[in-house]
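Take a look at the structure below.
The values are calculated or read from the model by the stated rules, or taken from the named source; none is laboratory data. Source: prediction; values computed, not measured. All Cβ positions, glycine included, derive from the backbone under ideal geometry; neighbour counts span all protein chains shown. Ligands, DNA and RNA are excluded from the accessible area calculation, which covers all protein heavy atoms including side chains. Shrake-Rupley method; radii C 1.70, N 1.55, O 1.52, S 1.80 Å.
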Amino acid sequence: MNKNSLIIVFCFLLSLVSGCENESKNKNIETTGTGRWYTPSQVAAGKEVFAQHCAQCHGENGQGTSDWRTALPDGSYPPPPLNGTAHAWHHPLSALKRTIYH
């Protein structure tokens, strides 16, 4: 897995920390006891990646910007919160990866 893929995966993992509680689709993946599909070691690694690559825009605690629902002049949107108060949890992983990558 290359560096960009790791960044995408770990940012997505962090967005799920406060997100929905779906069961793992792959029963062979260790869970944290919460029914989530990621491990405590992945969360720890994700925290480092988030601090290094995501916090600058999304905020240290994933709080996003206050006007994240308002489009910018170019049609894009400011960074949304990743702390469970936005709506990223209902988007497919492929869409989240595409958004983070681009």
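Considering only residues of region 62-93 that are among the hydroxyl-bearing types (Ser, Thr, Tyr) and at pLDDT below 90, which is nearest to the chain's Cα centre (by Cα)?
Filtering region 62-93 down to residues among the hydroxyl-bearing types (Ser, Thr, Tyr) leaves 65-66, 70, 76-77, 85.
After this cut, where a residue has to be at pLDDT below 90 as well, the list is 65-66, 76-77, 85.
On the way: Thr65: 15, Ser66: 18, Ser76: 18, Tyr77: 16, Thr85: 12 Å.
Result: Thr85.
Residue pairs whose Cβ atoms lie under 6 Å apart, separated by 6 or more positions or on different chains, with the first residue in region 83-95 and hydroxyl-bearing (Ser, Thr, Tyr) and the second open to solvent by less than 70 Å² (accessible area, probe 1.4 Å), do not occur.
So which of Glu48, Glu60 is assigned to a helix (DSSP H, G or I) and of a type in the set (Asp, Glu)?
On the way: Glu60 fails: assigned to a helix (DSSP H, G or I).
That would be Glu48, the only listed residue that is assigned to a helix (DSSP H, G or I) and of a type in the set (Asp, Glu).
Scanning region 49-81 for residues being touching a helix residue (DSSP H, G or I) at 6+ places or on another chain (Cβ under 7 Å) and either open to solvent by 50 Å² or more (accessible area, probe 1.4 Å) or touching a residue at least 24 places away in the same chain (Cβ under 8 Å) (or both) gives a total of 5.
Looking at region 38-47 only, could you name the residues that are in contact (Cβ under 8 Å) with a residue 12 or more places away in the chain and either among the hydrophobic types (A, V, I, L, M, F, W, C) or closer than 22 Å to Pro79 by Cα (or both)? Write out each step before concluding.
Kept after step one, since they are in contact (Cβ under 8 Å) with a residue 12 or more places away in the chain, are these residues of region 38-47: 38, 42-43, 45-47.
Of everything in region 38-47, those that are in contact (Cβ under 8 Å) with a residue 12 or more places away in the chain and either among the hydrophobic types (A, V, I, L, M, F, W, C) or closer than 22 Å to Pro79 by Cα (or both) turn out to be Val43, Ala45, Gly46, Lys47.
Each residue in region 69-89 was checked for being in a loop (DSSP other than H, G, I, E, B) and closer than 18 Å to Cys54 by Cα, and 12 of them qualify.
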